[in-house]
Amino acid sequence: MGHAGGVSPVVWLSEVPPLRSPVLVAAFDGWFDVGGAATGAVEHLAAIDRVTGVARIDADPFFDFTQQRPLVRLEGDERVIEWPDAAVHAHAVPAGPRDLVSVTGPEPHLHWRLFVDCLVEVMDRTRTVMVVTLGAHPADVPHTRPLPVTGSATEPDLAAALGLDLPSYEGPTGVVGVFQARLARLGIPSASLRVAVPHYVTSDPSPKASMALLERLERVTGIDTGWAELADEADAWQRRVDAALADEPEVAAYVERLEAAADARAARDLPTPDDLAAEFERFLRRHAGDPSAPDEDSTDGPPSPPGGGDTDGPPPPGPT
């Protein structure tokens with residue numbers, strides 16, 4: 001695996017620290033990242049203590065720089081070029097049974113199969129046991145209510161354990177879909193989570209959507225994501241949207257209708273985080289061949305949350 005000269009585009013910056021059966025979390029800026037919610041969530045993970053930058057995926061083989069230009073900045077008297085490399089971090093999680101590895105960056109323009117080779121190299125080097133990809137799409141949801149997160153998992157027992165759907169989407173896809181297909185061929189468990197972002201406020205960064213993704217990631221894995229630390233930013237975002245819509249009575253009436261629909265959906269209870277985390281751990285132990293793990297038929301598992309779960313298709317359009 002490699003490109004010119006057989007050299008891998010993965011540049012290892014440091015030794016990978018000892019990690020406990022880590023879960024890899026990935027998000028890519030682009031088609032599946034409305035409001036920067038998914039990459040914002042992973043960048044929040046990378047800002048938490050006990051995080052080590054271990055690698056980057058060199059942008060050169062994967063980008064048309066006339067479409068996505070690098071940035072220049074000054075460090076004293078020196079001009080520094082910032083390339084759209086994907087960043088790889090190792091996260092030591094003090095509470096919980098396992099650690100995290102994160103990958104985030106722009107969705108590449110070119111050579112997606114080679115890019116996925118790089119992701120597999122990262123997984124091999126860090127001994128990743130499972131992958132969760134994050135995304136965001138526009139939807140008919142109000143900004144004043146918790147933003148719903150849906151998802152899918154490639155293995156039926158994992159989907160049942162996490163309260164997710166099985167993939168059913170057919171059509172144009174992104175690098176996340178290509179990555180998920182490779183993982184399925186390799187027999188590596190994977191899931192995708194995608195948050196719904198109000199379609200009328202998709203142009204600005206949405207910390208509320210990032211917080212929803214991180215909360216759901218913590219709910220299903222039991223790994224501390226620090227999602228509550230985004231609460232102040234999420235509240236400020238909601239106040240800004242409220243102010244922007246204050247002089248738009250037709251939009252305000254539309255938001256009220258969305259609120260009524262969201263309140264009706266919220267009447268259905270989700271499984272507790274402890275229940276989901278326990279199911280998640282049981283699944284991974286079974287997948288690793290742990291003889292002490294209960295058989296998958298020994299528990300009914302949590303119920304599926306409302307909404308479908310395909311996460312690698314194009315974002316659904318907003319209302320006309």
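The values are calculated or read from the model by the stated rules, or taken from the named source; none is laboratory data. Quantities reported herein were computed from a predicted structural model and do not represent experimental measurements. Heads up, the Cβs are rebuilt from the backbone with ideal geometry, glycines too, and the neighbour counts pull from every protein chain shown.
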query = Does any residue of region 223-231 turn out to be at pLDDT 90 or above, hydrophobic (A, V, I, L, M, F, W, C) and more than 19 Å from Val25 (Cβ to Cβ)?
reply = yes
The lone condition Pro207 fails out of (1) modelled with pLDDT under 95; (2) farther than 18 Å from Glu107 by Cβ is (1)
Checked pairs for region 58-70, first within 22 Å of Trp12 (Cβ to Cβ), second assigned to a loop (DSSP other than H, G, I, E, B) and of a type in the set (Gly, Ala, Ser), C-beta under 9 Å and 6 or more apart or across chains, list as Asp58/Ser8; Pro70/Ala59
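What tally of residues in region 93-133 results from selecting those that are aliphatic (A, V, I, L, M) and part of a strand (DSSP E or B)? Outline the logic, then answer.
So the first thing to find is which residues in region 93-133 are aliphatic (A, V, I, L, M), and the list is 93, 95, 100-101, 103, 110, 114, 116, 119-120, 122-123, 129-132.
Within this subset, residues satisfying the condition of being part of a strand (DSSP E or B) are 100-101, 103, 130-132.
Number of matching residues: 6.
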Within region 8-60, the residues that are surrounded by fewer than 15 Cβ atoms within 10 Å (Cβ to Cβ) and of a type in the set (Val, Ile, Thr) are Val11
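Taking the stated definitions as given, is Asp49 under 21 Å from the mean Cα position of the chain (by Cα) and part of a loop (DSSP other than H, G, I, E, B)? Reasoning before the result, please.
Numbers: under 21 Å from the mean Cα position of the chain (by Cα): yes; part of a loop (DSSP other than H, G, I, E, B): yes.
Here the answer is yes, as Asp49 does meet what is asked.
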Here the residues within region 208-230 that are surrounded by fewer than 23 Cβ atoms within 10 Å (Cβ to Cβ), more than 12 Å from the chain's Cα centre (by Cα) and not aliphatic (A, V, I, L, M) are Gly222, Asp224, Gly226, Trp227, Glu229
Residue hits (region 154-180; part of a helix (DSSP H, G or I) and either more than 23 Å from Asp29 (Cα to Cα) or of a type outside the set (A, V, I, L, M, F, W, C) (or both)) are Pro156, Asp157, Leu158, Ala159, Ala160, Ala161, Leu162, Gly177, Gln180
Among residues of region 69-92 being assigned to a loop (DSSP other than H, G, I, E, B) and in contact with a strand residue (DSSP E or B) (Cβ under 6 Å, 6 or more places away or on another chain), the residue surrounded by the fewest Cβ atoms within 10 Å (Cβ to Cβ) is Pro70
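Among Ala92, Ala26, Ala47, Ala86, which is the only one that is modelled with pLDDT of 95 or more and closer than 18 Å to Leu217 by Cβ?
Details: Ala92 fails: modelled with pLDDT of 95 or more; Ala47 fails: modelled with pLDDT of 95 or more; Ala86 fails: closer than 18 Å to Leu217 by Cβ.
So the residue among Ala92, Ala26, Ala47, Ala86 that is modelled with pLDDT of 95 or more and closer than 18 Å to Leu217 by Cβ is Ala26.
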